[in-house]
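The structure is given below, and queries will be raised subsequently.
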Amino acid sequence: MLISHTPNPIELITQVATISTGKSAKKGLIYRLADMGHMTPFEHVSFTFKITDITRKTSHQLVRYRHASIVQESMRYVDFSDRQARIPEIGKASQKLKEYAQEIYSATANKDEARNALPIGTLTQMYFTCNLAELIHIAKQRLCMSAEREIRNVVKKMCSEVAQKFPELEPLFQPKCVYIGRCNEPQVKCGIMPYKELNLKQKVYKLLK
Ligand SMILES: Cc1cc2nc3c(=O)[nH]c(=O)nc-3n(C[C@H](O)[C@H](O)[C@H](O)COP(=O)(O)OP(=O)(O)OC[C@H]3O[C@@H](n4cnc5c(N)ncnc54)[C@H](O)[C@@H]3O)c2cc1C
């Protein structure tokens, strides 16, 4: 859930971006900036999300984003015996974690050790703050069908909530193939863009000669 954000993102991006030329902004500036990869104006806009009911698997994928600021609940301090887990045998959030966690907690009073035995499907929550440049980057990676379904849905929800408040930002949230004009994930075959390999060994540019 989007809980906090920069009040006027588009105005701020425009104000920040136009200092470099001293000219007033033309229509569609934010899309041209994103297309050119001039992302620093987007870094001035911040969003804070409270992300709940995600598995530790997905939270681990989210904490890999080094430009985000994250606070996640601790398995050392929080008692997970009243929590749920999303594990394959059951297919959805299950109460079975309760008995399992109680067993672990009674086997060891040490929560440091106990957490080693909790499933990676245990549900967790976190606050996640990032700037708009990072959210666009995350969308490029995680709206792609090569990303796992759970994180794809989480990121889709984050982007949708931002787009609901600021509809002009919606076109910025696209999988990477849309930005680069081709699919570079041979195994995906989702049909959004045709796969095309980039042959970096081809001597197209001779800039270093
Ligand atoms: C489909 C998919 C499969 C994946 N599979 C694996 C896997 O099997 N194993 C695994 O370990 N990870 C895996 N990852 C995670 C991936 O490698 C990244 O760690 C994660 O997606 C975060 O991306 P990032 O580093 O670009 O993001 P951020 O950390 O947010 O960084 C954003 C950008 O900032 C720049 N940047 C940040 N830090 C540095 C730095 N130190 N030096 C230079 N530039 C920097 C880079 O341009 C980077 O793209 C997978 C990701 C995806 C989407």
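Using a simple spin-label model with points 7 Å from Cα along the Cα→Cβ vector, what separation in nm is obtained for Arg64 and Thr52?
Taking the two extended label points, one gets 2.7 nm.
On full extension of the chain, what length is gained from Glu150 through Glu99, given 0.36 nm per residue of separation minus the C-alpha to C-alpha distance?
Full-extension gain reported as 15.8 nm.
Computed FRET efficiency, Cβ-Cβ of Lys157 and Gln202, R0 35 Å: what is it to the nearest 0.05?
0.30
Multiply the residue gap between Ala117 and Gln164 by 0.36 nm, knock off their C-alpha separation, and tell me the result in nm, one decimal place.
Details: separation 47, 0.36 × 47 = 16.92 nm, distance 3.97 nm.
Here the segment from Ala117 to Gln164 would lengthen by 12.9 nm.
Quick check: Cα centre of region 126-163 to Cα centre of region 20-70, how many Å?
Comparing the Cα centres of region 126-163 and region 20-70, I get a distance of 10 Å.
If R0 is 30 Å, what FRET efficiency do you get for Ser4 and Asp35 from their C-beta distance, rounded to 0.05?
Efficiency, from the Cβ-Cβ distance: 0.60.
Put +1 on the Cβ of each Lys and Arg and -1 on the Cβ of each Asp and Glu in the chain; which of Asn199, Thr58, Asn184 then has its Cα farthest toward the positive end of the dipole?
Asn199
Report the per residue volume, in Å³, of the convex hull enclosing the C-alpha atoms of region 114-192.
Convex hull of Cα atoms, per residue: 127 Å³.
Continuing with this model, one more query. Could you tell me what % of all Cα pairs in the chain have separations over 31 Å?
36 percent
Counting other C-beta atoms within 10 Å, and keeping those with at most 15, which DSSP coil trypsin sites (Lys or Arg not before Pro) do you find in region 1-73? Please report the intermediate quantities before stating the final value.
On the way: sites: Lys23, Lys26, Lys27, Arg32, Lys50, Arg56, Lys57, Arg64, Arg66; in loops: Lys23, Lys26, Lys27, Arg64, Arg66.
Taking region 1-73 and a limit of 15 other Cβ atoms within 10 Å, the loop trypsin sites (Lys or Arg not before Pro) found are Lys23, Lys26, Lys27, Arg64, Arg66.
I've got another one for you. How large is the dipole of region 55-209 about the Cα centre if only Lys and Arg carry +1 and Asp and Glu carry -1, each at its Cβ, rounded to the nearest 20 debye? If you can, show how the numbers build up before the last one.
Values: 27 positive and 16 negative charges, 201 e Å.
Using only the charged Cβ atoms, the result is roughly 960 debye.
Given N residues in region 67-171, what is Rg(Cα) / (2.2 N^0.38 Å)? Can you show the working numbers first?
Working: Rg = 17.2 Å, N = 105, 2.2 N^0.38 = 12.9 Å.
Dividing the Cα radius of gyration by 2.2 N^0.38 Å gives 1.33.
Between Thr40, Pro9, Leu132, whose Cα lies farthest towards the positive end of the dipole of the chain when Lys and Arg beta carbons carry +1 and Asp and Glu beta carbons carry -1, centred on the Cα centre?
Going by the charge dipole, the pick is Thr40.
Each reported figure results from applying straightforward, stated rules to the coordinates on display, with no laboratory input. Please read all numbers here as calculations on a predicted model, not as lab measurements. A quick note on method: Cβ atoms are made from the backbone with ideal geometry, for glycine too, and the neighbour counts reach across all protein chains shown.
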